[in-house]
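The values are calculated or read from the model by the stated rules, or taken from the named source; none is laboratory data. This one's a predicted model, so the numbers in the text were calculated from it and none came from an experiment. A quick note on method: Cβ atoms are made from the backbone with ideal geometry, for glycine too, and the neighbour counts reach across all protein chains shown.
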Amino acid sequence: MKILRNNEGMALVMVLILSVICLAMSSGILYFVTQSTRISGSHKRYETANQAANGGSAVTFQLASSRGDEDNFNHPSKLALDNLTIPSSDVGGVNCITEKLLKNTVDWDAVCNSSLSIDKLNSNTYDMAFDLGTYDVYSKVVDTVPGNTAIDTGLIKNAVVKSDSGEVNVKHLPYIYTIEIQSSLPNLNERAISSILYFY
């Protein structure tokens with residue numbers, strides 16, 4: 001007798017197909033869990049570097065509001081900063097930080113760097129460097145639009161001019177600075193770059 005149709009082995013084939021489907025689903029779930037863990041870690045590292053850049057912006061704002069005058073700039077001892085340097089205060093004999101903070105960009109000396117990029121290995125590409133914890137922070141002014149803001153000399157609101165004297169108050173026009181800030185760990189695995197428009 002000849003058997004024309006035999007269903008023996010179909011159970012084994014079905015079990016193998018279902019096993020492959022389950023294996024593919026398990027692999028997919030493991031892949032997505034691993035990827036989400038990596039993305040979460042990357043986000044955490046970036047946020048830490050970004051917070052260091054935000055701290056760097058506060059120090060840069062102090063330098064900008066002092067117009068580069070060391071006497072009016074809060075020194076590292078007051079700010080608890082490590083390794084504060086202002087390499088742009090002498091670039092080939094030119095005080096670029098004063099040029100950048102007090103003059104229009106087109107009037108800067110040719111040796112003053114106005115590019116957007118910061119290379120931590122080249123001190124000519126940033127204006128100020130300091131350490132915040134384990135992060136190295138670099139900042140530079142890349143564009144200046146002058147206004148009429150001056151350093152506070154203590155004369156404001158001290159009855160220097162009588163209100164009925166006919167004096168006309170000058171309309172306040174702030175200086176506008178475009179500032180680049182980069183914070184990174186020494187190995188550059190964690191890095192954040194900020195572009196800031198600062199009105200003073």
Next on the checklist: Of everything in segment 145-200, what is β-branched (Val, Ile, Thr) and at pLDDT 75 or above? Give them in sequence order.
Outcome noted: Val145, Ile176, Thr178, Ile179, Ile181, Ile193, Ile196
Next on the checklist: So Leu30 ticks every box in (1) surrounded by 14 or more Cβ atoms within 10 Å (Cβ to Cβ); (2) of a type in the set (A, V, I, L, M, F, W, C); (3) at pLDDT 80 or above but one. Which box is left unticked?
Outcome noted: (1)
Checklist entry - Hey, does segment 39-60 have a residue that's modelled with pLDDT under 65, among the acidic types (Asp, Glu) and over 16 Å from Asp136 (Cβ atoms)? => result no
